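Undergrad: Can you keep this structure in mind? I'll have questions shortly.
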Amino acid sequence: MNTTVFVGGGRITSALVVGLRRAKHQGLIVVHDRNTQKMRALQREFRVAVEHDLQSAVTRADMLIIAVRPAAVAKALDDIAGCTGASRLLVVSLAAGIPLKKLRPLLAPQVRWARALPSPICCIGRGLTAVTFARNLSHPDRKRVRKFFEQVGPVLEMAESRLDAFNAAYSPAHGYHALATLGQAAQSAGLDPKVALIAAAHALADAIHNWRESGQNLSNLLNESATPGGTSAATLAGMDTAGYKRAIERGLAAGIQQARANARR
């Protein structure tokens, strides 16, 4: 049985574990974290195996997933480099912004590398994961990484140079932020809080679900739902005049800049 070891037991590890459980993942999942209480909580809540000793975790791993904050990646890899057997590993980094050219020198040259950016929505099996691979990574290893993340949602393989833009664009935080903002605006317009949130959720989630399920062209749907002279058209025009598109563009640019700042640390 294949064993996947997570180094880091934070939010994304928890989300992946939940999604993998829902998908009836057949391999063994092991979590190592320096925080003993965090490991106990994961063991209790998600029934995963935990490994307090990093050397033992590395020894057990068929695939090692680095799931610590970007600022902690260098220290984690330095610790792993001192473990016997580290050079045989297939390592997948989940750290946003840190490219393979910075990761690879931190472990032995024989280590096989990939990067993945899974969404926390993987906890319900509807996550979206971007993956990119070191040039010399074998086809079987690439397939293995893709199949692992496909258990919790669609997987997109892309050039590493595009990962920062993807990371800025795909976050579920956009949906939560848009829902909260539209709901607050609807409440200010006179709706009670509950109805305002329901209306905003329908406008966002159900419309997007219709686009995904119907297969229709997005421009056509937008034109049909916002006919000239109608309420929707006037609402969208007001948003655009206020700088809606520019605000989104500036937000994505700030996210990309932060990812690149993480890589320089």
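Undergrad: Antiparallel versus total DSSP beta bridges in segment 3-167: what percent is that, nearest 5?
TA: Close to 20 percent.
Undergrad: Translational diffusion coefficient of segment 88-179 at 10 °C, 1.306 mPa s, Stokes-Einstein with Kirkwood Rh over Cα pairs, in µm²/s as a whole number.
TA: 115
Undergrad: For segment 46-137, how big is Rg over Rh, using alpha carbon atoms and the Kirkwood form of Rh?
TA: 0.96
Undergrad: Another question, then. Any idea how far apart residue 221 and residue 201 come out in nm if each label point goes 7 Å out from Cα toward Cβ?
TA: Between residue 221 and residue 201, the label points sit 1.9 nm apart.
Undergrad: Give the span of segment 1-54's Cα atoms along each principal axis, as three whole-Å numbers ordered largest to smallest.
TA: Per principal axis, max minus min of the Cα coordinates gives 27, 20, 17 Å.
Undergrad: How big, on average over all directions, is the shadow cast by the Cα convex hull of segment 110-237, in nm²?
TA: 10.4
Undergrad: Compute the projected area of the convex hull of the Cα atoms of segment 28-87, averaged over all viewing directions, and report it in nm² to one decimal place.
TA: Directional mean of the projected Cα hull area for segment 28-87 stands at 4.1 nm².
Undergrad: Given a cut-off of 30 Å, name the pairs among 75/245; 147/245; 38/102; 147/194 whose C-alpha atoms lie farther apart than that in the structure shown.
TA: Exceeds cut-off: 75/245; 147/245; 147/194.
Undergrad: Hey, another quick one. Report the FRET efficiency, 1/(1 + (r/R0)^6), for residue 159 and residue 44, where r is their Cβ-Cβ distance and R0 is 41 Å, rounded to 0.05.
TA: 0.50
Undergrad: Estimate the FRET efficiency between residue 143 and residue 214 by the formula 1/(1 + (r/R0)^6), using the beta-carbon distance for r and 25 Å for R0, to the nearest 0.05.
TA: Efficiency computed from Cβ-Cβ geometry: 0.20.
Undergrad: Moving on. Give the value in nm², to one decimal: projected area of the alpha carbon convex hull of the chain, averaged over all directions.
TA: Hull-based average projected area comes out at 16.5 nm².
Undergrad: Can you list, bin by bin at 5 Å, the percent of alpha carbon pairs in segment 173-264, starting at 0?
TA: 2, 11, 14, 21, 22, 14, 8, 4, 2, 0, 0
No lab work stands behind these numbers, since they all come straight from the coordinates. Values in this document were obtained by computation on a predicted structure and should not be read as measured data. Don't worry about glycine lacking a Cβ; one is built from the backbone with ideal geometry, like all the others, and counts go over all protein chains shown.
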